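Here is the structure we will look at.
The values are calculated or read from the model by the stated rules, or taken from the named source; none is laboratory data. Computed from a predicted structure; not experimentally measured. Ideal geometry is used to build each Cβ from the backbone, glycine not excepted, and the neighbour counts take in all protein chains shown. When the accessible area is computed, the model is the full protein with side chains, heavy atoms only, and any ligands, DNA or RNA have been set aside. Shrake-Rupley method; radii C 1.70, N 1.55, O 1.52, S 1.80 Å.
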Amino acid sequence: MAFEFYDLLGISRGASAEEIKKAYRKKAMELHPDRHRGDKEKEAEFKKVNEAYATLSDPQKKAAYDRTGQPEWTGFSGGGFSADFDFSDIFESFFWGGFQSGGSQRRREVGDDIEVRVKTSFEKAVKGGSEEISYERRHVCPDCAGSGSEKGREPKVCPDCAGTGRVRKRMQTVFGVVEQAVACPKCRGKGKIVEHPCPKCRGERYVVFKTERRVDVPAGIEDSMTVKIRGEGHEGIDGNGDLYLHFAVPESDRGLERDGADLHYFLDLDPVEMVLGTVRKIDIPVAWAREIEVKAGSQHGKAVRFRSEGAPKLPNGGKGDLIVTFRVRIPEKLSSKERELYEALAQEKDGGEHSKGILGKLFE
Ligand SMILES: [Zn+2]
Ligand SMILES: [Zn+2]
């Protein structure tokens with residue numbers, strides 16, 4: 001539904017940034033899952049409200065949304081597409097400790113996401129393929145399994161936070177003053193203190209390895225589209241982050257251009273070919289080589305559309321078209337024979353006036 005984000009927050013399209021924030025705060029408080037445990041409908045609505053806010057609070061995303069009424073499509077994982085926005089981050093920063101029973105549990109330690117720019121060719125972006133990428137990935141230390149302690153030694157429970165990794169602190173937020181749980185400064189949020197560090201990770205619990213791998217280039221991918229691979233980001237004790245592949249694709253390849261799923265090729269023709277008609281063999285890179293008929297009397301700019309012979313459409317399937325556009329190419333140099341023929345043609349058309357040229361006419 002177009003522009004539903006405004007309805008979700010109960011505001012009009014002209015709402016100011018302040019009004020958007022206020023409306024979001026009200027809705028988020030109303031719908032927060034901690035107030036409606038197990039209510040799937042409310043949870044879904046809460047997610048939608050968060051999604052709406054993620055778009056409307058970002059000036060760039062909002063401008064795009066205001067133009068189209070649709071949120072930007074940002075990525076997919078596997079075969080299915082998903083909205084990338086992780087609302088838990090936003091609400092956690094606002095609500096942690098505000099609603100939860102109060103930092104009695106250690107905060108979940110999930111690895112960060114990894115973002116990699118994947119350069120690929122025009123052809124692979126149309127037909128699909130794969131690319132080799134490399135990046136640094138953080139792994140749970142294999143020697144101490146993430147405890148940070150030397151073999152046979154256990155880290156001791158942090159006395160300041162009693163192992164929770166969190167201490168409570170009063171803070172000013174957009175929701176007013178709330179008591180918020182923050183990372184314990186003594187153990188840096190880990191809940192444990194390592195007295196005999198593991199030699200491999202030096203007590204850091206994680207080690208970084210260079211990762212090299214081959215990733216799929218989905219057929220139909222466009223420049224600046226993102227693919228998300230779930231769980232392939234940095235490792236964490238409680239789960240991994242995601243790997244985001246941001247694709248970079250050239251705009252054209254040997255005269256073939258791309259507009260979304262449509263491919264455009266311009267066929268340069270001599271005026272004579274367009275007037276009299278011809279059959280031209282064309283070799284369109286990435287697509288095909290075949291003969292194409294130029295009918296007698298074809299006009300400059302005439303487009304021949306080959307349905308569903310373009311690039312695959314993402315995310316919904318189907319294919320774009322391949323469009324061959326005729327372009328007249330005026331010869332810049334003529335042989336004397338050609339010139340004679342053109343002049344004869346001009347004479348035939350204008351009864352001889354034309355062949356003298358403009359100067360000839362003026363001084364006649
Ligand atoms: Zn602590
Ligand atoms: Zn270690």
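Quick rundown of the values:
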quantity: Unmet requirement for I282, which otherwise passes all of (1) more than 25 Å from the chain's Cα centre (by Cα); (2) open to solvent by 20 Å² or more (accessible area, probe 1.4 Å); calculated: (2)
quantity: Hey, V275 open to solvent by 60 Å² or more (accessible area, probe 1.4 Å) and farther than 14 Å from V324 by Cα or not; calculated: yes
quantity: Criterion violated by A162 - all others in (1) within 16 Å of ligand 2 (Cβ to nearest atom); (2) modelled with pLDDT of 90 or more satisfied; calculated: (1)
quantity: Odd one out for A52, checked against (1) surrounded by 13 or more Cβ atoms within 10 Å (Cβ to Cβ); (2) without any contact (Cβ under 8 Å) to a residue 12 or more places away in the chain; (3) touching a Phe, Trp or Tyr at 6+ places or on another chain (Cβ under 8 Å); calculated: (2)
quantity: In segment 237-280, the residues that are closer than 30 Å to T120 by Cα and outside any strand (DSSP E or B); calculated: N240, G241, D242, V249, P250, E251, R254, G255, G260, A261
quantity: Residue list for segment 204-236, filter: out of contact with any Pro (no Cβ under 6 Å at 6 or more places or on another chain), more than 16 Å from ligand 2 (Cβ to nearest atom) and not in a strand (DSSP E or B); calculated: P218, I221, E222, D223, S224, M225, R230, G231, E232, G233
quantity: Identity of the residue in segment 1-19, of a type in the set (G, A, S) and out of contact with any helix residue (DSSP H, G or I) (no Cβ under 9 Å at 6 or more places or on another chain), that ends up nearest to V174 (Cα to Cα); calculated: S16
quantity: Count - residues of segment 294-303 that are open to solvent by 40 Å² or more (accessible area, probe 1.4 Å) and out of contact with any Lys or Arg (no Cβ under 8 Å at 6 or more places or on another chain); calculated: 6
quantity: Residue in segment 105-115 that is touching a Ser or Thr at 6+ places or on another chain (Cβ under 7 Å) and either open to solvent by 70 Å² or more (accessible area, probe 1.4 Å) or within 16 Å of ligand 1 (Cβ to nearest atom) (or both) present; calculated: yes
quantity: Answer from R138, R170, R153 - the residue that is within 16 Å of ligand 2 (Cβ to nearest atom), surrounded by fewer than 16 Cβ atoms within 10 Å (Cβ to Cβ) and in the same structural domain as C198 (by TED's automatic domain parsing); calculated: R153
quantity: Complete set of residues in segment 165-182 that are of a type outside the set (G, A, S) and modelled with pLDDT of 80 or more; calculated: R166, V167, R168, K169, R170, V182
